[in-house]
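K.L.:
The structure that follows is given in the form of structure tokens.
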Amino acid sequence: MPEKKLIAGNWKMNGSLEANDALVRALVAGMRDARCDVAVCVPAPYLAQVQMLRHGAKLDLGAQDVSQHAQGAYTGEVSAAMLREFGVRFCIVGHSERRQYHGETDGLVAEKAKTALAHGITPIVCVGETLAEREAGKTEEVVKRQLAAVIHVNGHCISEIVVAYEPVWAIGTGKTASPEQAQQVHALLRKQLAAATAQAERVHILYGGSMNAANAASLLAQPDIDGGLIGGASLKAPDFLQIIAAASA
Ligand SMILES: O=C[C@H](O)COP(=O)(O)O
């Protein structure tokens, strides 16, 4: 497993100048003793604000999506080069909300991961099954297919990605995968990475889906859970700080 755990907040489409200011100041003040890596993935309009607020702190900046294109006539898109100008280190790609509401395919997600890597941004590649897929016994097939697309496109630099296992049925529902359920899938993903790179042990595999202050420690204690991608609980500084503390233990 990687040397340090990684805790990444995904603010999704939440925040305001005022709320972000209070949240980031509280995080920076509260995470001085953190022994894990910490990032917040913020809506694009707030990148400059958070870049300024985090100045000098150990808090990394992340984005929630990136265009697969370098530049040009792609209205509404944000390029990897633009993200780099704001000091972005991580970028979520293939979140289930992008796959579900914006029709993102495995192929497109792989292109986005490739573009991020080419610009020195670490893609946080999300995989995960829906409830129907889990109930049909297809969890392994689905997550393997989603990760295979990224491995196939990225080839030799696959050890530079972060993987996030996010069972869709656990996102924002309060239903967390049990530590054993999550570990089972994480171990599968590690094995798949190991078949593609000798560096699989240093790839962070995060769990996401209703991770909170109460359940973080038991999830993070699993051998192949190297951190978390946290939605709702990342919007409340005390909760997010407790998760950071659990990952620092
Ligand atoms: O990216 C984060 C995940 O979608 C988890 O969201 P959640 O913690 O609100 O369930």
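The values are calculated or read from the model by the stated rules, or taken from the named source; none is laboratory data. These figures come from a predicted structure and were not determined experimentally. Cβ placement follows ideal geometry from the backbone for every residue including glycine, while neighbour counts extend to all protein chains displayed. Side chains are part of the model used for accessible areas, which takes the heavy atoms of the whole protein and leaves out ligands, DNA and RNA. Shrake-Rupley method; radii C 1.70, N 1.55, O 1.52, S 1.80 Å.
K.L.:
Does segment 212-223 contain at least one residue that is in contact with a helix residue (DSSP H, G or I) (Cβ under 6 Å, 6 or more places away or on another chain) and either part of a strand (DSSP E or B) or aromatic (Phe, Trp, Tyr) (or both)?
P.N.:
No; the residues of segment 212-223 include none that is in contact with a helix residue (DSSP H, G or I) (Cβ under 6 Å, 6 or more places away or on another chain) and either part of a strand (DSSP E or B) or aromatic (Phe, Trp, Tyr) (or both).
K.L.:
Going by what's in this entry, would Ala39 be described as open to solvent by 50 Å² or more (accessible area, probe 1.4 Å) and out of contact with any helix residue (DSSP H, G or I) (no Cβ under 6 Å at 6 or more places or on another chain)?
P.N.:
Details: open to solvent by 50 Å² or more (accessible area, probe 1.4 Å): no; out of contact with any helix residue (DSSP H, G or I) (no Cβ under 6 Å at 6 or more places or on another chain): yes.
When the stated conditions are applied, Ala39 does not pass them.
K.L.:
Just to be sure, is Ile124 touching a residue at least 24 places away in the same chain (Cβ under 8 Å), in contact with a strand residue (DSSP E or B) (Cβ under 6 Å, 6 or more places away or on another chain), closer than 21 Å to Ala182 by Cβ and open to solvent by less than 40 Å² (accessible area, probe 1.4 Å)?
P.N.:
yes
K.L.:
Could you list, in sequence order, all residues of segment 74-103 that are of a type in the set (Asp, Glu) and either buried (at least 20 other Cβ atoms within 10 Å of the Cβ) or in a helix (DSSP H, G or I) (or both)?
P.N.:
The answer is Glu85, Glu97.
K.L.:
Look at segment 163-197 and say how many of its residues are of a type outside the set (Gly, Ala, Ser), part of a helix (DSSP H, G or I) and either more than 16 Å from Lys138 (Cβ to Cβ) or within 16 Å of the ligand (Cβ to nearest atom) (or both).
P.N.:
Going through segment 163-197 one residue at a time, the tally reaches 11.
Per-residue answers, yes or no, for (1) under 30 Å from Leu193 (Cβ atoms); (2) more than 16 Å from the ligand (Cβ to nearest atom):
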site: Pro2; (1), (2): yes, yes
site: Asn10; (1), (2): yes, no
site: Asn14; (1), (2): no, no
site: Ala22; (1), (2): no, yes
site: Met31; (1), (2): yes, yes
site: Leu53; (1), (2): no, yes
site: Arg84; (1), (2): yes, yes
site: Arg99; (1), (2): yes, no
site: Leu108; (1), (2): yes, yes
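K.L.:
Please find, among Gly208, Gly172, the residue that is surrounded by fewer than 19 Cβ atoms within 10 Å (Cβ to Cβ) and closer than 25 Å to Leu235 by Cα.
P.N.:
Working: Gly208 fails: surrounded by fewer than 19 Cβ atoms within 10 Å (Cβ to Cβ).
The match here is Gly172.
K.L.:
Mind telling me which of the residues Glu129, Glu140 ends up being out of contact with any His (no Cβ under 9 Å at 6 or more places or on another chain), part of a loop (DSSP other than H, G, I, E, B) and within 17 Å of Leu188 (Cα to Cα)?
P.N.:
Glu129
K.L.:
Provide a single number: the residues in segment 10-36 that are under 16 Å from Ile124 (Cβ atoms) and open to solvent by less than 40 Å² (accessible area, probe 1.4 Å).
P.N.:
The total comes to 3.
K.L.:
Go through (1) away from the ligand (no atom under 15 Å from the Cβ); (2) in a loop (DSSP other than H, G, I, E, B) one by one and return the number of the condition Asp65 breaks.
P.N.:
Condition not satisfied by Asp65: (1).
K.L.:
Quick one: is Ala136 farther than 18 Å from Thr197 by Cβ, among the aliphatic types (A, V, I, L, M) and open to solvent by 50 Å² or more (accessible area, probe 1.4 Å)?
P.N.:
Yes; evaluated as a whole, the condition is true for this residue.
K.L.:
Could you please give the count of residues in segment 104-119 that are open to solvent by 50 Å² or more (accessible area, probe 1.4 Å) and touching a residue at least 24 places away in the same chain (Cβ under 8 Å)?
P.N.:
Number of matching residues: 4.
K.L.:
Now a separate question. Would you pick out the residues in segment 198-236 that are away from the ligand (no atom under 15 Å from the Cβ) and more than 16 Å from the chain's Cα centre (by Cα)?
P.N.:
Ala198, Gln199, Ala200, Glu201, Ala217, Ser218, Ala221, Gln222, Pro223
K.L.:
Does Ala216 count as out of contact with any Asp or Glu (no Cβ under 7 Å at 6 or more places or on another chain) and modelled with pLDDT under 95?
P.N.:
no
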